[in-house]
Amino acid sequence: MNIQALMKQAQNLQKDMLKAKEEIDNTIFRETKNNITIKCNGKKEIQQIEFAQELNLQKIDEELLADLLLISINDLFKKVDAETETKLGKFNNSLPGIL
């Protein structure tokens, strides 16, 4: 393969990767657990937190609420990471022999 074809392939790959990353960044991910719903975008920026009425905030312990939020946020971020790996992981072996 000549260098010009390789450069063209690299440019196309970069364009495809940027498009895939932009799609991920603009996707809204949602996790509902323990009557808490959290939404974030693909950049892991929290967009919204909702508490179901079944979760009586007046009676819940502050430490328990913090733990529930942490669990939900961590699970949500795992979803984002999995989707990112699925969409961007395919680019890992696109230009073999370069490095």
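The values are calculated or read from the model by the stated rules, or taken from the named source; none is laboratory data. Since the model is a prediction, treat every value here as computed from it, not as a measurement. Neighbour counts run over all protein chains shown; Cβ positions are idealised from the backbone, glycine included.
Of the residues Asn35, Asn26, the single one that is farther than 22 Å from Asn93 by Cα and either surrounded by fewer than 14 Cβ atoms within 10 Å (Cβ to Cβ) or within 11 Å of the chain's Cα centre (by Cα) (or both) is Asn26.
Looking only at the range 77-99, filter to residues that are modelled with pLDDT of 85 or more and of a type in the set (Gly, Ala, Ser); which one of those is surrounded by the fewest Cβ atoms within 10 Å (Cβ to Cβ)? For the range 77-99, the residue satisfying everything is Gly89. Evaluate the following for Lys44: is it at pLDDT 95 or above and basic (Lys, Arg)? Yes: the conditions hold for Lys44. Does Ile24 meet the test of being modelled with pLDDT of 95 or more, aliphatic (A, V, I, L, M) and touching a Gly at 6+ places or on another chain (Cβ under 8 Å)? Yes; evaluated as a whole, the condition is true for this residue. Reported count of residues in the range 40-59, each being touching a helix residue (DSSP H, G or I) at 6+ places or on another chain (Cβ under 8 Å) and free of Cβ contacts under 8 Å to residues at least 12 places away in the same chain, is 1.
Does Phe51 meet the test of being in contact with a Lys or Arg (Cβ under 9 Å, 6 or more places away or on another chain), surrounded by 15 or more Cβ atoms within 10 Å (Cβ to Cβ) and among the aromatic types (Phe, Trp, Tyr)?
no
Pairing residues of the range 71-83 that are within 25 Å of Met17 (Cα to Cα) and touching a residue at least 40 places away in the same chain (Cβ under 8 Å) with residues that are surrounded by 13 or more Cβ atoms within 10 Å (Cβ to Cβ) and of a type in the set (Phe, Trp, Tyr), at Cβ distances under 9 Å and at least 6 apart in sequence or on separate chains, gives Leu76/Phe29; Lys79/Phe29; Val80/Phe29; Glu83/Phe29.
If you go through the range 1-39 one residue at a time, how many are of a type in the set (Val, Ile, Thr) and out of contact with any helix residue (DSSP H, G or I) (no Cβ under 6 Å at 6 or more places or on another chain)? Walk me through how you get there before you give the answer.
If we filter the range 1-39 for residues that are of a type in the set (Val, Ile, Thr), which is where we start, we get 3, 24, 27-28, 32, 36-38.
Then keep just the ones that are out of contact with any helix residue (DSSP H, G or I) (no Cβ under 6 Å at 6 or more places or on another chain); that gives 3, 27-28, 32, 37.
Count: 5.
Taking every residue in the range 21-35 that is touching a residue at least 24 places away in the same chain (Cβ under 8 Å) and pairing it with any residue that is basic (Lys, Arg) and not in a strand (DSSP E or B), at least 6 positions away or on another chain, the pairs with Cβ-Cβ distances below 6 Å are Ile24/Lys87; Phe29/Lys79.
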